[in-house]
Amino acid sequence: MSKRQVTRLQIGAFGLPSIPISALGLPIVVYLPPFYGHDMGLSLTVVGTVFMMARFWDVFTDPVLGMVSDRFPSRWGRRRHWIVISAPMLVISAYMLFMPSPPVTWVYLAGWMFFLYIGWTLITISHMSWGAELSADYDERSTIQGVREFLLIFGMFTVLALPAIIENVSEAGAGGPEKVAAMGWFIIILLPITIGLAVWLAPEFPGAPHQHIPWRRAWGIIARNRLLQRVLAADLLVNIAPAITGSLYIFFASYVMDLPKYASLLLLVYFIAGFVGIPGWIRLSHMAGKHKTLAIAMVYGAVTLPLVIFFPRGEFWWLFIGNSLYGVAYGAGSFLLRSIMADVIDTDYLETGQRRTGLYYSLLSMTAKVGAALAVGITYPLLDLIQFTPGGTNTAETLNLFMAMYVTLPAIVMFAAAIVMWRFPLDRKAQLDLRQRIEARDGKHASHDAGDAAAAVVQVGSAGGIADQPAE
């Protein structure tokens, strides 16, 4: 296969839609649930249920819209036209959700959330697939995905900075509607601009026809791949923990810690700490291995989060320290599990001779969404159960129960993730052996013939791995 060079300008243009994509994703978890539960007057149980069901709807649409994106190309290519189609869907739904006219009903919220997630799924799947198809070169693919991740983080920081800036420049103290509207306009303005630049400047290259994998066979692969099952279980747990703290955070900072004016600024501190901590987790993974580093990061998070119990309420710098310490663990789970998943994909490649990267990573996407859905769907009804009232008067007992829920549930989940991954069998030594087998097989066949590869038998680990399984 000839190498296709993609210029830096093209890579940068391709990554630009990541800014509004991430700017849209974060408020859905952090700001919109309390906004509709407080400012729009819906009950917390209704809000939690609607957001949970919308997330499950998003999980359902993943494979459906993924197949649509694969099967219906246009003269533009396979991906760009779907990204353009998603733009008006996201702009309209963002306007209706971020700038609603009260009073609103649960039907209004559910309808626009479901419509938003159709556009959201279409743009995210198409954008990730486009990036994977931009280059066949190993290092260039890393550069493309690295730029995309950088711009995702940039978009997240920027959208978080908006309410923090509004809180600090407004003498009277801006309310929830003003903050949410500012985030909505940021998304609405940037979406068409960044998508336009991306489809204009970044190319699509013709590739091999997409090989459809029947879902029955796909689930058969999952059923017998215990390594994959452990990674998915860990990813579900790793995503539930920050989703719980994220969905509760605005209420926690504003009412429990009595810092409503600094809630968004302190949340920004948390994410910056996670970003700063990533190089340290990378270095530790080189020393201790990826799975043990993940377990260490989860234990660290489970230990540092409860420290807020001992902090005085109403004190900015104490919560600043707490968010900084706990935030260091934020970035570890996502990149470590995606790196571990790449190793798991190699076991499947050795077995079958086919790269099912999209299938495996789509499963990670699904577990992340299920985790976020469960977090909101469980915690918001619990808030009603402890009689927590946003914007109202809450007893000391209610606030103490809120604190207990905020620190206990994520800590338990993080400890569980650490247990799942601590003895993960696909370690550095097993991965080296796996790579040597792949290189020994493929190095002799420049054509990488799938028929010869399908005869391979993979034996990875003796505890929870794939052992003595004939290829299909």
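Points worth noting:
- Taking the centroid of alpha carbons for each part, segment 27-97 and segment 181-203 are 16 Å apart.
- The stretch between T105 and L307 holds 68.9 nm of extra length on full extension. This uses 0.36 nm per residue minus the Cα-Cα distance.
- Among 392-401, 75-84, the order from most to least packed when residues are scored by Cβ within 10 Å on average: 75-84, 392-401
- Percent RCO, i.e. relative contact order, over segment 230-338, from Cα pairs under 8 Å lying at least 6 residues apart: 40
- Using the Cβ-Cβ distance between F56 and R216 with R0 set to 22 Å, the FRET efficiency from 1/(1 + (r/R0)^6) comes to roughly 0.50.
- Remark: accessible surface ordering of T367, T49 (largest first) is T49, T367, probe radius 1.4 Å.
- Contour excess over end-to-end distance, with Cα ends at Q436 and W317 and 0.36 nm allotted per residue: 37.7 nm
- Each residue, F275 and I193, gets one label point 7 Å from its Cα in the Cβ direction; the gap between the two is 1.8 nm.
- Extension gain, N400-I386: 0.36 nm per intervening residue step, less the Cα-Cα distance, totals 4.1 nm.
- Computed packing ranks the peptides 274-280, 32-38 as 32-38, 274-280, most packed first, by mean other Cβ atoms within 10 Å.
- Estimated translational D of segment 311-434 in µm²/s (Stokes, Kirkwood radius over Cα pairs; 10 °C; 1.306 mPa s): 87
- If R0 is taken as 41 Å, the Cβ-Cβ distance between W200 and S339 corresponds to a FRET efficiency of 0.80.
- Exposure check, 1.4 Å probe, all protein chains in place: I165 carries approximately 100 Å² of accessible surface.
- In order along segment 188-202, the phi-based Karplus estimate (6.51 cos²θ - 1.76 cosθ + 1.60, θ = phi - 60°) of 3J(HN,Hα) comes to 4, 6, 6, 4, x, 5, 5, 5, x, 5, 5, 6, 7, 9, 9 Hz; Gly and Pro are listed as x.
The values are calculated or read from the model by the stated rules, or taken from the named source; none is laboratory data. Just so we're clear, the structure is a prediction, and the values are computed from it rather than from any experiment. With ideal geometry, Cβ positions are generated from the backbone for all residues, glycine too; neighbour counts draw on all protein chains shown. What goes into the accessible areas is simple: the full protein's heavy atoms, side chains included, and nothing from ligands, DNA or RNA. Shrake-Rupley method; radii C 1.70, N 1.55, O 1.52, S 1.80 Å.
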